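Written below as structure tokens is the structure these notes are about.
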Amino acid sequence: MIMTLQEIAVRVNGQLQGDAGVEISGVNNISGAQPGDITFADENHVSEAAGCRAGAVLLPKSVAEAQKGFPLPVVFVEDTRAAFAILLMAFTPPIVHEKGVSPEAHIGKDVKIGENVTIMPMAFVDDYAVIGDGVTLYPHTYIGQYAEIGGDSIIYSNATIREHCKVGARVIVHSSAVIGADGFGFTTKDGVHTKVPQVGNVVLEDDVEIGAHAGIDRATIGSTVIGKGTKIDNLVHIGHNCQIGPGNLIVAQTGISGSTTSGPNVTFGGQTGTVGHITIGGNSVFAARSGIIGNTPEGVFYAGFPARPHQEWLRMQAHLQKITDMAKKVKQLEKKLAALEKKE
Amino acid sequence: MIMTLQEIAVRVNGQLQGDAGVEISGVNNISGAQPGDITFADENHVSEAAGCRAGAVLLPKSVAEAQKGFPLPVVFVEDTRAAFAILLMAFTPPIVHEKGVSPEAHIGKDVKIGENVTIMPMAFVDDYAVIGDGVTLYPHTYIGQYAEIGGDSIIYSNATIREHCKVGARVIVHSSAVIGADGFGFTTKDGVHTKVPQVGNVVLEDDVEIGAHAGIDRATIGSTVIGKGTKIDNLVHIGHNCQIGPGNLIVAQTGISGSTTSGPNVTFGGQTGTVGHITIGGNSVFAARSGIIGNTPEGVFYAGFPARPHQEWLRMQAHLQKITDMAKKVKQLEKKLAALEKKE
Amino acid sequence: MIMTLQEIAVRVNGQLQGDAGVEISGVNNISGAQPGDITFADENHVSEAAGCRAGAVLLPKSVAEAQKGFPLPVVFVEDTRAAFAILLMAFTPPIVHEKGVSPEAHIGKDVKIGENVTIMPMAFVDDYAVIGDGVTLYPHTYIGQYAEIGGDSIIYSNATIREHCKVGARVIVHSSAVIGADGFGFTTKDGVHTKVPQVGNVVLEDDVEIGAHAGIDRATIGSTVIGKGTKIDNLVHIGHNCQIGPGNLIVAQTGISGSTTSGPNVTFGGQTGTVGHITIGGNSVFAARSGIIGNTPEGVFYAGFPARPHQEWLRMQAHLQKITDMAKKVKQLEKKLAALEKKE
């Protein structure tokens, strides 16, 4: 596929500078770009981009005035990363799978299947499941009884959606993710743990993305909910009965304990952990490895274990780094004071 | 399904107060309960339950005297959670799969299969495996050569039981768990890592439960053992040659390094880690994120990294929170002392 | 299988002491060894081995002079573990699967398949994939479009290799590992996260081993690379665009954030984490639970979060353990100083 720079400028709603007829056939990063490629640079990498081999460059509008003499053809845009994403999509031919329900798939009884689906060989759809329009099921997926998959969702190979779970529209579930395994609930008597039946389900709202090996446990009763547009990275654990708000970003290897609620647009850095049964205020950011041990307010930036305001944590860390010095100072103070006391 | 409160009282071995004829058709939590539901409350939530819409409530016997005037019909029981679990089970119709060995499953040569099994389409049982009575194998399970699955065990979709591993009776293995992958063992010479063959196996004793994405590695020689009734949560790693005692609870994302032994009834909080080749005394609790770096005695409650007695850790944490203050105090002391020394 | 001790000495390139004709039929650890077994001991366990039931023992050459009177037949070797690994391999009959492409496997269109492969039933090879000579694909594996699997590699059950990924020769991918899921990349505007297409791939170089549930994300553009001979343990996360050097050892539950580069022969202890976009010098060791927050030089031994030289971390930890004492001392100093000031 080939586009002229003129066509590209239109596609990304940008402002063209230089030869509108340059032909672009691919996208690449600054160091890898070849003459037929377009690349991009943010404000800090403009000079690096000026020396690269690309055929054209996406730059932020904020530098347009200063870069009138830029040595390569440019398209100035509001958001270079977003524009680059649009072009990546345009230049990458999508993987194509045959439409329809493969005769090598297993479709249970009383299953409802929408229009325009791609159900690949070795996918397994159990009895009474509902598969929406435009859904793609890769090989070795398992869709449980009464589960529902919303329109245009993609379930990758070896992922599991257990019985009664509801997946919204345009959801992506990556390989080997497990939606709706039993929550970890037991009653213990005389050292014997007896399973509490986990008869609730999981609801993934629209536009959710679930990483490889993420596990979202089904509720004991009711639903574990992942809010609209929330994106979950690899190897994340969400305990039973959690209510995760919309627009959250949950980075790899984070664990959210059961019955925890988060507001809208919370970001959890990688390897974060929370206790259960707490409420996390919306529009907050938790640095990587935060350990959240209680309710937190709206709009905070927290770090550390136990998690606290990031600035406070930084100060604490700074002093902690110097604790060896502090111990020496205390020792010296003790000596000097003893000397003074002797004199008295 | 409908039960009278009288029938429910018998089922949970409880003491009825109020209308024995109330008809109950479901179970729910306090806030979600409708008139046909039964709910439950512990001692701290009795007044909340008094105002709910449920048709009846399970309360602890300890409050029976004080709650003679409770506004709703009550069944008083020893353990409200345990009684509720019994009712959850009774009111939730189980998912039903066709009994027998599906002709769409793959059964290898010289496989032994018991009575009353449910081997679903796309399950794979390799040569010489032994499948006990009443076992359920979901689609996309892999049971390796010579592996044995004990009676009434359930192996969920996409789980793997590698060759020679032994799974006891009434075991539950959740989706995408891997039992018996190779332990992480290498000899290194001149920077080249050579694999040490891992020819042992894994033994899951009776009544074990293994969470989604948990990985229990096979022993180098001999067996990695998970003791009777131990429950393992999602995304847990158990290294090769571990000997995990009976009745342990291992919460999500914990990692137990190779050749570690734990006694009976140990609880590991979430995201805990241990070094290898240590012995962890029985009847102990480790708080979430503990880092266990050596042998620990029986019956302890530990926290922190390195893990230590919980009280000690709390004290340390309290002082650590105030380290910024302490640094200020030391600075002041230094000033004051210098002033005093000058005077002398 | 039976070997004389003479044959064993030849096989492990060792020096025989005692009866060359002893017949050995198995290998075991010191405590489990029976008369027909050979076992091994390092320098610290020689006396323990002297009292065991084994038919023969592997000992290190370093103790040969001192152990002329050892009570059992001995083979002295340079590296006892390496020699034992060779014998483990020799005495353990390999699991045998039927060669060839099973008619129950799914082979897409225009797939290239080498000689001497073992493609088991329920393996799925998508269109245009390339399978090298001697490759083994277990049931429920998914090999994506245009993916390539190098010679003699083994892909275990339920593992996924997504489209366009390249797996080298003699690579082992354990069950439920996912190679090439989408990297975690979004642009956010007004709280809405829009997916950045992840159109790169993953390259696993020769002799790599990938643990169960490890996830190696595909690059946004270009390749995420795992260097030759690197071994990755269970539940490890490698973010998009990482360049992991050759000969690394990455222990369980470690997470390497996106675009991070490591040099050759780096060891990451278990549950380590790194930020993204950093460079980690070669020939380094990071203790378990390290948190690496910036570039690190060559040849270091680091620990802690933030990671620092191990000795420094030990000192810091030592003082931290005594922080309760330090707080007491500061309080006493304050009292004494106040008393002195009063006197003045």
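The values are calculated or read from the model by the stated rules, or taken from the named source; none is laboratory data. Treat the numbers as computed from the prediction; the structure is a model and nothing was measured. All Cβ positions, even for glycine, are placed from backbone atoms using ideal geometry, and neighbour counts span all protein chains on display.
Going through A:F286, A:F301, A:F305 one at a time, which residue ends up being at the interface with chain C (Cβ under 10 Å from one of its Cβ atoms) and either surrounded by fewer than 13 Cβ atoms within 10 Å (Cβ to Cβ) or not basic (K, R) (or both)? Lay out the reasoning, then the answer.
On the way: A:F286 fails: at the interface with chain C (Cβ under 10 Å from one of its Cβ atoms); A:F301 fails: at the interface with chain C (Cβ under 10 Å from one of its Cβ atoms).
The match here is A:F305.
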Practice item. Would you please name the residue that is nearest to A:M89 (Cα to Cα), looking only at residues in the range C:220-238 that are more than 7 Å from every other protein chain (Cβ to nearest Cβ) and not in a strand (DSSP E or B)? Key: C:T220
Exercise for review: Return only the number of the condition from (1) more than 8 Å from every other protein chain (Cβ to nearest Cβ); (2) over 18 Å from B:H213 (Cα atoms); (3) assigned to a strand (DSSP E or B) that A:A169 does not satisfy.
Suggested key: (3)
Check your understanding: Do any residues in the range A:107-128 that are closer than 18 Å to A:Y146 by Cα have Cβ atoms under 7 Å from those of residues that are of a type outside the set (A, V, I, L, M, F, W, C) and not in a loop (DSSP other than H, G, I, E, B), where the two are at least six apart or on different chains, and which pairs are they?
Key -> A:F124/A:H106; A:F124/A:Y142; A:V125/A:H106
Practice item. Would you check which residues across the range C:178-194 are without any contact (Cβ under 8 Å) to a residue 12 or more places away in the chain and in contact with a strand residue (DSSP E or B) (Cβ under 6 Å, 6 or more places away or on another chain) and list them? Key: C:F186, C:T187, C:H193, C:T194
Point to revise | Number of the exception - C:N116 against (1) surrounded by fewer than 16 Cβ atoms within 10 Å (Cβ to Cβ); (2) not in a loop (DSSP other than H, G, I, E, B) | key: (2)
Study note, to complete from the structure: When every residue in the range B:209-228 that is among the small types (G, A, S) and surrounded by fewer than 24 Cβ atoms within 10 Å (Cβ to Cβ) is compared, the one nearest to the chain's Cα centre (by Cα) is B:G227
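Return the only residue of C:E163, C:E205 being out of contact with any Ser or Thr (no Cβ under 9 Å at 6 or more places or on another chain) and either touching a residue at least 60 places away in the same chain (Cβ under 8 Å) or not β-branched (V, I, T) (or both).
Of C:E163, C:E205, the one residue that is out of contact with any Ser or Thr (no Cβ under 9 Å at 6 or more places or on another chain) and either touching a residue at least 60 places away in the same chain (Cβ under 8 Å) or not β-branched (V, I, T) (or both) is C:E163.
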Practice item. Select from the range C:1-50 the residues that are surrounded by 15 or more Cβ atoms within 10 Å (Cβ to Cβ), aliphatic (A, V, I, L, M) and part of a helix (DSSP H, G or I) and list them in ascending order. Key: C:L5, C:I8, C:A9, C:V46, C:A49, C:A50
Point to revise | Test result for B:D206, of a type outside the set (A, V, I, L, M, F, W, C), away from chain A (no Cβ under 11 Å), surrounded by fewer than 24 Cβ atoms within 10 Å (Cβ to Cβ) and touching a Gly at 6+ places or on another chain (Cβ under 8 Å) | key: yes
Point to revise | In the range C:80-97, the residues that are out of contact with any strand residue (DSSP E or B) (no Cβ under 6 Å at 6 or more places or on another chain), outside any helix (DSSP H, G or I) and surrounded by 13 or more Cβ atoms within 10 Å (Cβ to Cβ) | key: C:T92, C:I95
Review point. What's the number of the condition A:F184 fails, among (1) touching a Ser or Thr at 6+ places or on another chain (Cβ under 7 Å); (2) within 9 Å of chain B (Cβ to nearest Cβ)?
Key: (1)
Review point. Across the range A:127-146, what is the total count of residues that are in contact with a Gly (Cβ under 8 Å, 6 or more places away or on another chain) and either buried (at least 23 other Cβ atoms within 10 Å of the Cβ) or more than 8 Å from every other protein chain (Cβ to nearest Cβ) (or both)?
Key: 9
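Given the options A:G270, A:G245, name the one that is more than 22 Å from A:A219 (Cα to Cα) and in contact (Cβ under 8 Å) with a residue 24 or more places away in the chain.
A:G270
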Check your understanding: Which of the residues that make up the range B:182-212 are on the phi > 0 side of the Ramachandran plot and modelled with pLDDT under 95?
Key -> B:D190, B:G191
Point to revise | Leading residue by the ranking (surrounded by the fewest Cβ atoms within 10 Å (Cβ to Cβ)) among those in the range B:253-264 that are in contact with a Ser or Thr (Cβ under 8 Å, 6 or more places away or on another chain) and within 12 Å of chain A (Cβ to nearest Cβ) | key: B:G263
Check your understanding: Among the residues of the range C:258-281, how many are part of a loop (DSSP other than H, G, I, E, B) and within 15 Å of C:V225 (Cβ to Cβ)?
Key -> 6
Exercise for review: Quick one: count up the residues across the range B:239-257 that are among the hydrophobic types (A, V, I, L, M, F, W, C) and outside any loop (DSSP other than H, G, I, E, B).
Suggested key: 4
